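A.B. asks: This is the structure, below, for whatever I ask next.
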Amino acid sequence: MMELLRRLRGEMSCGQVLEVLQAHLDGEVDAETARKVAQHLDKCQPCDREASMYSRIKSGLASKRRVLDPVILEQLDSFADRLVADGAPPADVD
Ligand SMILES: [Zn+2]
């Protein structure tokens, strides 16, 4: 009975895994939970697929952000240049 309880506590259900999956991928869960989630994903195909889908979306967003940043910086830069070139006075800021 104790062994059964321990096993029940030690293994997460699909619902529990999906609940913490995003936090897990963000590295926001504690080591014990991370271990249990990894253990579950190892054995559970549907959850594993869900996890790789999440991480693909996540890495897609991350790489998009890396590409976007220099563009925005460049736009800000040329905007600043334009302001200077036009001799526009700085905006009234207290
Ligand atoms: Zn599962």
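A.B. asks: Kindly establish whether Leu18 is within 16 Å of the ligand (Cβ to nearest atom) and part of a helix (DSSP H, G or I). It would help to see each step written out before you state the result.
C.D. replies: Details: within 16 Å of the ligand (Cβ to nearest atom): yes; part of a helix (DSSP H, G or I): yes.
Taking the combined requirement at face value, the residue satisfies it.
A.B. asks: Now for a different question. Looking at Lys36, is it near the ligand (Cβ under 9 Å from one of its atoms) and either basic (Lys, Arg) or at pLDDT below 95 (or both)? Working first, answer last.
C.D. replies: Values: near the ligand (Cβ under 9 Å from one of its atoms): no; either basic (Lys, Arg) or at pLDDT below 95 (or both): yes.
No, not satisfied.
A.B. asks: Under 7 Å between Cβ atoms, at least 6 apart or on separate chains: pull out the pairs that start in the range 10-23 with a residue that is more than 11 Å from Tyr54 (Cβ to Cβ) and end on any residue that is assigned to a loop (DSSP other than H, G, I, E, B) and more than 10 Å from the ligand (Cβ to nearest atom).
C.D. replies: Pairs found: Val20/Val29.
The values are calculated or read from the model by the stated rules, or taken from the named source; none is laboratory data. Given the structure is predicted, the values throughout are model-derived calculations rather than measurements. FYI the Cβ positions are ideal-geometry reconstructions off the backbone, even for glycines, and counts take in every protein chain you see.
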